Amino acid sequence: MDKEYIFTEDPNAEIWQNILQFSYEANIKRYLTEHSFTHSEELINNISGSILQAYEYYSAAEKVNLQIKPLLLYYGTTNLLYGICNMMSGQINTITDHGMKIDHSQSCSCIGETKIKFLNPL
């Protein structure tokens, strides 16, 4: 695979300009067709919506303080990966949880005692 060097003063804007091409129905259809996937309106809306939501989360994260920035980046990344995964697989993938659940095996008298269980840890 050949490398392409792109000279820019704002790499984030350049990256998002390329990613946001796949928020348009025509570009999504073209990609799916080129990769021999059938496409439905639901799949196209899912991909487009996920990419647009990711962009909005990342844009919002640039304007907030460190208290909520990680949350916005988490949801931005989750939406981006979900949209791209659906596009690359040509289907809507089902997500059953957010990767964490509250451990209800012990009773807690206050929120500080709450235990979190990570699902599918590495």
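The values are calculated or read from the model by the stated rules, or taken from the named source; none is laboratory data. Bear in mind the structure is a predicted one, so any value in this text is a computation, not a measurement. For neighbour counting, all protein chains shown are included, and Cβ atoms are generated from backbone atoms with ideal geometry for every residue, glycine included. Just the protein is used for accessible areas: all its heavy atoms, side chains included, with ligands, DNA and RNA removed. Shrake-Rupley method; radii C 1.70, N 1.55, O 1.52, S 1.80 Å.
If you go through region 26-81 one residue at a time, how many are farther than 20 Å from I92 by Cβ and among the β-branched types (V, I, T)?
2
Test of understanding: among L80, L66, which residue is open to solvent by 60 Å² or more (accessible area, probe 1.4 Å), under 30 Å from I116 (Cβ atoms) and either at pLDDT 95 or above or not charged (D, E, K, R) (or both)?
L66
Only one of these conditions is not met by I47: (1) farther than 16 Å from I19 by Cβ; (2) in contact with a Ser or Thr (Cβ under 9 Å, 6 or more places away or on another chain). Which number is it?
(1)
For region 83-122, which residues satisfy the criterion of being under 16 Å from the mean Cα position of the chain (by Cα), at pLDDT 75 or above and of a type outside the set (G, A, S)?
I84, C85, N86, M87, M88, Q91, I92, N93, T94, I95
Checking the structure you have, find out if any residue of region 38-47 is under 12 Å from M87 (Cα atoms), without any contact (Cβ under 8 Å) to a residue 40 or more places away in the chain and exposed (fewer than 15 other Cβ atoms within 10 Å of the Cβ).
For region 38-47, residues under 12 Å from M87 (Cα atoms), without any contact (Cβ under 8 Å) to a residue 40 or more places away in the chain and exposed (fewer than 15 other Cβ atoms within 10 Å of the Cβ): present.
Check region 92-101 and report whether any residue there is assigned to a helix (DSSP H, G or I), open to solvent by 50 Å² or more (accessible area, probe 1.4 Å) and out of contact with any strand residue (DSSP E or B) (no Cβ under 6 Å at 6 or more places or on another chain). Quick ask: steps written out before the conclusion?
Taking region 92-101 and keeping what is assigned to a helix (DSSP H, G or I), we get none.
No, region 92-101 has no match at all.
Looking at region 16-25, which of the residues that are surrounded by 15 or more Cβ atoms within 10 Å (Cβ to Cβ) and not small (G, A, S) is farthest from S89 (Cα to Cα)?
Residues of region 16-25 that are surrounded by 15 or more Cβ atoms within 10 Å (Cβ to Cβ), as a first pass: 16, 19-20, 22-23.
With the extra rule that they be not small (G, A, S), the set shrinks to 16, 19-20, 22.
Working: W16: 21, I19: 17, L20: 18, F22: 14 Å.
Among residues in region 16-25 that are surrounded by 15 or more Cβ atoms within 10 Å (Cβ to Cβ) and not small (G, A, S), the one farthest from S89 (Cα to Cα) is W16.
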